[in-house]
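Some notes on the structure that comes next.
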Amino acid sequence: MFLKRTAAAAFSLALLASPYALQGQVDWPVTDLTHSGMDEPALNTLWQGLAADPHKDIKGVVILRHGKLAAEQYFNSDDKATLHDIRSATKSLTATLMGIAIDRHIIHSVDDPISTYLPGLPKDKRAITIRDLLNMRSGLDANDEDPATPGNEDRLDESTDWMRTVETVPMKTTPGERYVYCSINAFLTGAIIENATKMPLDVFAKQALFDPLGIEAFEWRHVPINRTTGQGNLRITARDAARIGELFLNDGEFKGVRVVSRDWVEKSVANQVPISFSDPFADFYGYMWYSREEIVGDGRILVHFASGNGGNKIYIIPSLDMVVAITSSAYGTNYGQRRSQDILLRILNATSPQ
């Protein structure tokens, strides 16, 4: 398998059934830290520290290793059934849904102009491709780190018609030229999927992704007019975040069922765009998934991950056959991302290669 080999607005709950749905909640065989090749005293110290964290906004940590549930800890009133807003980690799921739509020939190619699926788009945006959206290189004057840009995410939140607002955002650079992180790209990705499938993004997600993974409960924000926030505000459990990680760890298969193509998984986590110049927590960007080599001991460990505001993470560690999902409500803080990276590094340092 590729990965293992290469080391506010209302929410809508989708209720449609899928012929690919697994029967009931999918749980893993349970093991303990020692049998998982992990340092139990070191991790117990980590759990104790997180429980005592004065910020009171760390919520959950789930560790899968070798297809088994090795550890699961919850804090600050959350538990395994708590739905949690994973913020921009949602973008990685939206990109996955794009892959499924391409696999099913609903959408032709990442090289299609977005205007193919978004009729009425202004002429200045017709050169943007789906690939440009997935790589955060659309060229739109939109930067989530710069509130002065016309396409800043806050402008969307203030809008009464998100698509019309996006259409007014001017171009700043040539599409495909420059990486700039902006939520508009993921929103447009979701809008393309909605137009092509002729169904809301959350309904397609339930049928094509959540049902095959056994994800039974979720909430996904809807915004004006009749759109789902493909860029964020998906609420799932920490366990279900881990299921997404396991899907990618296993090259797009889950419990023997092919959910998304191996080719899409490979490209999603490939080192397509260097971003370390602007992101202190990542080296490369793929199709809305990040990659980084973490220094552990005397070596480096490759990690792929989805990332959301506040430290929400889905980490995939191929060389250790491991997934780590972290939920956190440290939204808008300057410590949430650092804390999650520290949790990951402590887990990696406590894990033996076996």
- Size of the dipole of region 115-235 about the Cα centre, Lys and Arg at +1 and Asp and Glu at -1 on the beta carbon, nothing else charged, in debye to 20? 480
- Item | Over the chain: helical MRE at 222 nm, DSSP H runs n ≥ 4 each giving -39500 (n - 2.57), nearest 500 | -8000 deg cm²/dmol
- Space enclosed by the convex hull of the alpha-carbon atoms of region 83-234, per residue, Å³: 100
- Message: Between region 162-188 and region 295-354, how far is it from one alpha carbon centroid to the other, in angstrom?
- Response: 29
- Note on the structure: Out of G139, A306, A101 - ranked by how far each Cα lies towards the positive end of the dipole of the chain, with unit charges on the beta-carbon of charged residues - the top one is A101
- Query: Using 0.36 nm per residue, how much length does the chain from A42 to D157 gain when fully extended, once their Cα-Cα distance is taken away?
  - Reply: 37.2 nm
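Coordinate-derived values only; no laboratory data. On a predicted model such as this, the values are computed, not experimentally measured, just so you know. Neighbour counts run over all protein chains shown; Cβ positions are idealised from the backbone, glycine included.
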